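Student: Dropping the structure in here first, questions after.
The values are calculated or read from the model by the stated rules, or taken from the named source; none is laboratory data. Note that the structure is a prediction, hence the values are computed from the model and not measured. All Cβ positions, even for glycine, are placed from backbone atoms using ideal geometry, and neighbour counts span all protein chains on display.
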Amino acid sequence: MHSSVQNLINIQKNIKSKFDFYQRIKIIAVSKTYPIEYIKPLIDHGHFDFGENKVQEAIEKWSKIKNENSLIKLHLVGKLQTNKVKYAVKIFDYIHSVDNEKLASKIAKEQIKNNKNIKIFIQVNVGNEIQKSGISKNKVSDFYTYCLKLKLDIQGLMCIPPEGQNSDRFFKDLKIINESLGLKKLSMGMSSDYISAIQNSSTHVRIGSNIFGKRV
């Protein structure tokens, strides 16, 4: 058995041992920078949700495979620039990083052109970090309303907590905001903190190194 498959099984067992609702948790295998040879064993095993950071890399890596396998769902988990939206809408099924009106508007227009409905998470800058993407917490409600007017399919909120700090309090904050908007899904939690994220109602965990190993 390939190591990535065994790692995924171990993560699934860990989640199952702690949560009765484990079947509702979607594990996104973040495959950015990894060639398809590393990814194919997971597809063969029956895993179909994968995360990429860059639009161009995703197009080069996934276009052929997605055409051959309609079960594969591709998640954009990195920052999306407006000039890449027309390409992103064609290849991705989920975008986890929508955080401004210009980007939301562009996605809405491209969806109409492509007759496609992307599932979207609004990225929130939970740590108020200047260098990090995401809308500020106090603007989330207005931005969500704006997205609804554009008829975007908003699944829930997404965050990346500050490095070196306890993620738990940031997850709690996002859970409260998500619930206040009546949203049911949350994209939060990575290799180091996915259990804490699930404890705080995360439904989509984005796991890279715990599945594929440390990136060089």
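Student: Could you pull out the residue among GLY134, GLY51, GLY78 that is touching a strand residue (DSSP E or B) at 6+ places or on another chain (Cβ under 7 Å) and on the phi > 0 side of the Ramachandran plot? Spell out the reasoning first.
Tutor: Numbers: GLY51 fails: on the phi > 0 side of the Ramachandran plot; GLY78 fails: on the phi > 0 side of the Ramachandran plot.
After ruling out the rest, the residue left standing is GLY134.
Table: residues versus (1) farther than 20 Å from LYS184 by Cα; (2) buried (at least 22 other Cβ atoms within 10 Å of the Cβ); (3) touching a helix residue (DSSP H, G or I) at 6+ places or on another chain (Cβ under 8 Å); (4) of a type in the set (Gly, Ala, Ser).
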{"position": "ASN67", "(1), (2), (3), (4)": "yes, no, no, no"}
{"position": "ASN83", "(1), (2), (3), (4)": "yes, no, no, no"}
{"position": "LYS86", "(1), (2), (3), (4)": "yes, no, yes, no"}
{"position": "HIS96", "(1), (2), (3), (4)": "no, yes, no, no"}
{"position": "GLU101", "(1), (2), (3), (4)": "yes, no, yes, no"}
{"position": "VAL126", "(1), (2), (3), (4)": "no, yes, yes, no"}
{"position": "LEU152", "(1), (2), (3), (4)": "no, yes, yes, no"}
{"position": "PRO162", "(1), (2), (3), (4)": "yes, no, yes, no"}
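Student: Could you tell me whether segment 4-18 includes any residue that is outside any loop (DSSP other than H, G, I, E, B) and closer than 24 Å to LYS90 by Cα? Give the steps one after another, and end with the answer.
Tutor: Keep residues of segment 4-18 that are outside any loop (DSSP other than H, G, I, E, B), which gives 4-18.
Applying the additional criterion that residues be closer than 24 Å to LYS90 by Cα yields none.
Looking through segment 4-18, none of the residues is outside any loop (DSSP other than H, G, I, E, B) and closer than 24 Å to LYS90 by Cα.
Student: Same structure again: Which residue pairs have Cβ atoms closer than 6 Å, lie 6 or more positions apart in sequence or on different chains, and pair a first residue in segment 177-190 that is of a type in the set (Lys, Arg) with a second residue that is modelled with pLDDT of 95 or more?
Tutor: The qualifying pairs are LYS185/GLN155; LYS185/GLY156; LYS185/THR203.
Student: Another one. Look through segment 159-199, keep the residues that are over 16 Å from the mean Cα position of the chain (by Cα) and assigned to a loop (DSSP other than H, G, I, E, B), and return whichever of them is farthest from SER141 (Cα to Cα).
Tutor: If we take residues in segment 159-199 being over 16 Å from the mean Cα position of the chain (by Cα) and assigned to a loop (DSSP other than H, G, I, E, B), then GLY164 is farthest from SER141 (Cα to Cα).
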